[in-house]
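One structure follows; several queries about it will come next.
The values are calculated or read from the model by the stated rules, or taken from the named source; none is laboratory data. Not measured: the values here are computed from a predicted model. Ideal geometry is used to build each Cβ from the backbone, glycine not excepted, and the neighbour counts take in all protein chains shown. Please note that ligands, DNA and RNA were not included when accessible areas were found on the heavy atoms of the full protein model with its side chains. Shrake-Rupley method; radii C 1.70, N 1.55, O 1.52, S 1.80 Å.
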Amino acid sequence: ELNRQIDTILRDLELLKSIMPLDPETGKLLRVFQGYARDQNLDIRVISPKAIVKKDLYSEQAFGLEVGGGYHDIALFFDKIAHMRRIVNITNLDMKASSKKNVTVDAKFNSMVYMQNPEAFQAMEKKS
């Protein structure tokens, strides 16, 4: 019985780590963003990781992106990001009609990703 409970807890922990990992996994995220953009025929002009900001119980990192493509293609790109297992929010979205050939919309936004902040939990444990 105890081994079964331990297995269940370890499985739940692995699921939580995939939703909110300990590390930023920057390389993996950049590949995912590029793959999603390629799937939607979007032109990524800029991907710029920002500094990690530590909050009370978690850390966050913004990735500034600039893409061009069709309006619906950009919407489908956002939909794919929304359905990632990991928590990712789109913030500061600015969309405009494009003057570039074969591009209808230019979009500039941040993809905000979240990570665990183990130091915060350690500090809470020390207070207890």
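Loop-only GluC sites (Glu not before Pro) in segment 1-81, please: DSSP not H, G, I, E or B, and at most 13 other Cβ atoms within 10 Å.
Working: sites: E1, E14, E25, E60, E66; in loops: E1, E25.
Listed in order of number, the matching sites are E1.
Assuming 0.36 nm per residue, please report the length gained on full extension of the stretch M20 to T91 beyond their Cα-Cα distance.
On the way: separation 71, 0.36 × 71 = 25.56 nm, distance 1.82 nm.
My answer for the length gained is 23.7 nm.
Express the relative contact order of segment 56-128 as a whole percentage, based on alpha carbon pairs under 8 Å and six or more residues apart in sequence.
On the way: 109 pairs, mean separation 33.9, N = 73.
About 46 percent, as a whole number.
When only the heavy atoms of the protein chains count and the probe is 1.4 Å, how do Y71, Y36 rank by accessible area, highest first?
Details: Y71 130, Y36 55 Å².
Final ranking, largest accessible area leading: Y71, Y36.
How much accessible surface area, in Å² rounded to 10, belongs to the heavy atoms of S18 with a 1.4 Å probe?
Counting only protein heavy atoms, the figure is 40 Å².
What spacing in nm lies between the two simple spin-label points modelled at S48 and R11, each 7 Å away from Cα in the Cβ direction?
My value for the distance between the label points is 4.5 nm.
Can you give me the solvent accessible area of L2 with a 1.4 Å probe, rounded to the nearest 10 Å²?
So the heavy atoms of L2 present about 110 Å² to solvent.
Defining a contact as two alpha carbons under 8 Å apart and six or more residues distant in sequence, what relative contact order in percent does the chain show?
Relative contact order comes out at 28 percent.
Just the accessible area per residue of the chain, please: how many Å² with a 1.4 Å probe?
Details: 8480 Å² over 128 residues.
Value returned for the chain: 66 Å² of accessible area per residue.
Another question, if that's okay. Leaving out same-chain residues fewer than 8 places away, which lysines sit with a Cα under 16 Å from that of K55?
none
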